[in-house]
Amino acid sequence: MLAPLTTFGIGGAARYFVEAKTEEDVEAAVLWAKERGLPLFVLGGGSNLLVRDSGFDGLVLRIEIGGVQQDKPWSPDFCVGAGEPWDLFVDRAIEANCAGIECLAGIPGSTGGTPVQNVGAYGQEVAQTIRQVKVFDCETMVFRWMSKDECGFRYRESVFNTTARGRYIVTYVVFSLHYGPPALSYGELKKRFEGRWRKPKLREVADAVREIRRGKGMLLVEGDPDCRSAGSFFKNPIVPVETLAKIAAGLKIERETIPNWPVLEDGQPTGMTKLPAAWLLEKTGFRKGYALGEAGISSRHTLALINRGHATQAEIVALRERIQHTVQFRFGILLEQEPVTLP
């Protein structure tokens, strides 16, 4: 069963399953699947994944290539194995007094999954620090390094989950961090340290982020029912600024009261703005603790759909579709699912 390998705890079995601890294992697994005409799915930490109840009729390849290699003792550059737990690498970077990913503390999953989704939270995203990514090209059957530009990073996207989905398997990621103070651009995080006579240290910021995540049920804690999720289930939609006026009219509120973040390009407005998906859910009646069968919304975080005990993938999908249809009917905005559904 694949369910125990995911944070959702949902899903059937894989027809074939193998763990890759080396790049040679990766190449051999891809070749084995190709020779038998089997579909291949690459599994990392299972924290951003929804597995079908029927499982997967192919080969699931779990990446277990670990290790963190600092370029030089005084260098802020790190080469990290794709199977290395992400949060352990965050701690390693902080121990080396390197900034750039401290606000991404507490995020579950493996390091290899971070460039795929361009993981981000609390004012940081990995695209800001990734220098290059080593991949296995399943079409040419060779390993190669991809530059940051080749990765095509955008909000929660990269070529790995869009235009080249399924082509590349990430084996190593090189991060270029920096020596300096922690990032404090996110409002909720800034409030934690207001009025202090000195700037917080990297460790203090990372601990604060984990505390915030724990409060929202977004930190994996054994026995916490709100943790049986894939994190934020919907992406924050990016819409034309004119949409704000339409929402305000529909809700009979002032346009200025709608939370949003204008999208800039080279420091200039683009005419687009990002809306908090959680706010849209709450305005359509989908609040914390909402339940539909064994699927539900976290009691602490509106965007987290959870497995309330024995949920099936079908129940999570039913809740997802109810939310999407309601928000689209009310505001004309189709929310996009963030976790990957195993095909």
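The values are calculated or read from the model by the stated rules, or taken from the named source; none is laboratory data. Note that this is a predicted model, so its numbers are computed, not measured. Here the Cβ positions follow ideal geometry from the backbone for every residue, glycine too, while neighbour counts run over all protein chains shown. What goes into the accessible areas is simple: the full protein's heavy atoms, side chains included, and nothing from ligands, DNA or RNA. Shrake-Rupley method; radii C 1.70, N 1.55, O 1.52, S 1.80 Å.
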Bin width 10 Å, alpha-carbon pairs only: give the P(r) of region 37-150 as whole percents, running from 0 to the bin holding the largest distance.
12, 42, 32, 11, 2
Roughly speaking, what is the stretch gain from Arg36 to Leu88, that is 0.36 nm per residue apart minus the C-alpha to C-alpha distance, in nm to one decimal?
15.1 nm
Please report the equivalent ellipsoid semi-axes of region 111-209, computed as sqrt(5 x eigenvalue) of the Cα gyration tensor, largest first, in whole Å.
33, 13, 9
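Given only helices, namely DSSP H runs of n ≥ 4 each adding -39500 (n - 2.57), what is the per-residue ellipticity at 222 nm of the chain, to the nearest 500 deg cm²/dmol?
It comes out at -7500 deg cm²/dmol, rounded to the nearest 500.
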Which whole-angstrom value gives the distance between the alpha carbon centres of region 97-168 and region 1-66?
19
Only Lys, Arg, Asp and Glu count, each charged at its Cβ (+1, +1, -1, -1), so figure out the dipole size of the chain about its Cα centre, rounded to 20 debye.
1060
With a 25 Å threshold on alpha-carbon distance, the violating pairs from Lys191/Lys252; Lys148/Lys190; Lys216/Lys274; Lys134/Lys235 are Lys191/Lys252; Lys148/Lys190; Lys134/Lys235
May I ask you to order 99-105, 318-324 by the average number of other C-beta atoms within 10 Å around their residues, highest value first?
99-105, 318-324
One finds, for Trp279 and Glu19 with R0 = 35 angstrom and r their Cβ-Cβ distance, a FRET efficiency to the nearest 0.05 of 0.30
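Give me the mean projected area, in nm² to one decimal, of the convex hull enclosing the Cα positions of region 228-298.
So the mean shadow area of the Cα hull is 6.0 nm².
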Which FRET efficiency, nearest 0.05, do Asp71 and Glu222 yield, Cβ-Cβ r, R0 22 Å?
0.05
In region 79-107, which residues have a backbone nitrogen under 18 Å from the label point lying 7 Å from Arg203's Cα in the Cα-to-Cβ direction?
87-106
Heavy atoms only, probe 1.4 Å: what % of the accessible area of region 142-261 goes to carbon and sulfur, would you let me know?
52
Kindly provide the chymotrypsin sites (Phe, Trp or Tyr not before Pro) of region 90-183 that DSSP labels as loop, not H, G, I, E or B, and whose Cβ sees at most 15 other Cβ atoms within 10 Å.
Tyr155, Tyr179
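Taking a quarter of the surface of the convex hull around the Cα atoms of region 207-343, what do you get in nm²?
For region 207-343, the mean projected area of the Cα convex hull comes to 10.1 nm².
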How much accessible area per residue does the chain have, in Å², with a 1.4 Å probe?
47
Let me have the relative contact order for region 245-343, percent, based on Cα pairs under 8 Å that are six or more residues apart.
17
Taking a ≥ b ≥ c as the square roots of the eigenvalues of the Cα gyration tensor of the chain, is the shape rounded (a/c under 1.5), prolate (a/b larger than b/c) or oblate?
oblate
Just to be sure I understand: with springs between alpha-carbon atoms less than 10 Å apart, which residue in Val239, Val51, Val327 has the highest mean-square fluctuation in the Gaussian network model of the chain?
Val239
Out of the total accessible area of region 8-93 (probe 1.4 Å, heavy atoms of protein only), what percent is carbon and sulfur?
50
At what distance in nm do the modelled label points of Glu211 and Arg330 sit from each other, each positioned 7 Å from its Cα along Cα→Cβ?
3.3
Give a quick list of GluC sites (Glu not before Pro) in region 213-291 that DSSP marks as loop, anything other than H, G, I, E or B, with at most 14 other Cβ atoms within 10 Å.
Glu222, Glu254
DSSP-assigned coil residues among trypsin sites (Lys or Arg not before Pro) in region 212-266, each with at most 12 further Cβ atoms within 10 Å
Lys252
Once label points are set 7 Å from the Cα along Cα→Cβ at both Asn97 and Ser185, what is their separation, rounded to one decimal in nm?
2.5
Taking a ≥ b ≥ c as the square roots of the eigenvalues of the Cα gyration tensor of region 6-63, is the shape rounded (a/c under 1.5), prolate (a/b larger than b/c) or oblate?
oblate
